[in-house]
Amino acid sequence: MVGFTGRAEDRISLEGIEGAAVKVHVDEEIVVEVTGPGGAFSVTVPEDARLDVEASAKGYIPARRAGIRPDTETVFRLHRSTSLSGLVVGPAGKDLEEAGVHVLADDRRETRTLELELDERGAFKFLDLEPGEFNVAAWAPGWSYAVQRDVIVRPGEQTHLVFELDRAGSVSGQVIYEGTKTGIEGVEVQVDPYIQGLSREIEEIVT
């Protein structure tokens, strides 16, 4: 057995982060260590192991390394946390409390779709979001929908979006016997919405 040592620090200031959690995957076992003064940590592991390690701390985005040799002193430089917030508004904003917001990641992360709830002001916020590129869709019953595509969320930044919704329109019609004005009762009518220019995943969300 040997000591695997390292340090967790702020990416900008390079100051050590005390109290960060370091998860070391050794085969099927997980060893958790907490960094001490200066952000330093030390874990005892088998000499010939290959380690998958994750360092995380409150207010920071987790950092990961795979296949580390135990004799390698590893420094994890953590980005400050990133947030995505927004506001859904309309001519009668109070009605938009029931709006839904979907955040769809453009990459292959494990959880690609996030569904967020609004507060009484129609606002939403997601903290500690891993950076990336996202499509964000908002809608409310009886209202139009709005989509903002290719929203780039950068490390350490707070991104804010505003969605303005309008009252939804309507369409009506009548099913009649051919050549007459007599209506036919009990006919099933199917309406398939078509939204030009949206990806299939976003189209399924907003319809």
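The values are calculated or read from the model by the stated rules, or taken from the named source; none is laboratory data. Just so you know, these numbers come straight off a predicted model, no measurement behind them. Virtual Cβ from ideal backbone geometry, glycine too; neighbours counted across all protein chains shown. What goes into the accessible areas is simple: the full protein's heavy atoms, side chains included, and nothing from ligands, DNA or RNA. Shrake-Rupley method; radii C 1.70, N 1.55, O 1.52, S 1.80 Å.
Only helical DSSP H runs with n ≥ 4 go in: add -39500 (n - 2.57) per run for the chain, normalise by residue count and round the 222 nm mean residue ellipticity to 500 deg cm²/dmol.
-1000 deg cm²/dmol
Within a Cβ distance under 10 Å of G100, other residues only, what is the Lys/Arg minus Asp/Glu net charge? Walk me through the numbers before you get to the answer.
Numbers: positive: none; negative: E98, E115, E117.
Surrounding charge for G100 is -3.
Assuming R0 = 30 Å, can you tell me the calculated FRET efficiency for the pair K125 and A66, based on Cβ-Cβ distance, to the nearest 0.05?
FRET efficiency, K125 to A66: 0.45.
If R₀ is 22 angstrom, what is the calculated FRET efficiency for the pair E133 and R11, using the beta carbon separation as r and rounding to 0.05?
Details: r = 20 Å, r/R0 = 0.93.
The computed FRET efficiency comes out at 0.60.
Over the chain, average the accessible area per residue using a 1.4 Å probe and give it in Å², no decimals.
Dividing the accessible area of the chain by its residue count gives 64 Å².
Can you pull a Stokes-Einstein diffusion coefficient for the chain at 4 °C (1.567 mPa s), Rh from Kirkwood over Cα pairs, as a whole number of µm²/s?
After rounding, the answer is 62 µm²/s.
How far, in nm, would the chain grow between V171 and T44 when pulled straight, counting 0.36 nm per residue and subtracting the alpha carbon separation?
38.8 nm
Could you tell me which of M1, S85, G142 has its Cα farthest along the dipole of the chain towards the positive end, charges placed at Cβ (Lys, Arg +1; Asp, Glu -1), taken about the Cα centre?
Going by the Cα projections, it comes out as S85.
Grab the beta carbon distance between I152 and K58, set R0 = 35 Å, and tell me the FRET efficiency rounded to 0.05.
Efficiency at R0 = 35 Å is approximately 0.90.
Using Cα-Cα distances under 8 Å and only pairs 6 or more residues apart, what relative contact order does the chain have, in percent?
On the way: 451 pairs, mean separation 33.4, N = 207.
Relative contact order for the chain comes out at 16 percent.
What percentage of the solvent-accessible surface of the chain, computed with a 1.4 Å probe over protein heavy atoms, is contributed by carbon and sulfur atoms?
C and S fraction of accessible area: 45 percent.
Want the number for R80 to E28: 0.36 nm per residue separation, take away the alpha-carbon distance, what's left?
Working: separation 52, 0.36 × 52 = 18.72 nm, distance 3.01 nm.
Taking R80 through E28 to full extension adds about 15.7 nm, to one decimal.
Of the residues V22, V34, V191, which exhibits the maximal mean-square fluctuation in a Gaussian network model of the chain defined by a 10 Å Cα contact cut-off?
Comparing V22, V34, V191 in the GNM, the peak value goes to V191.
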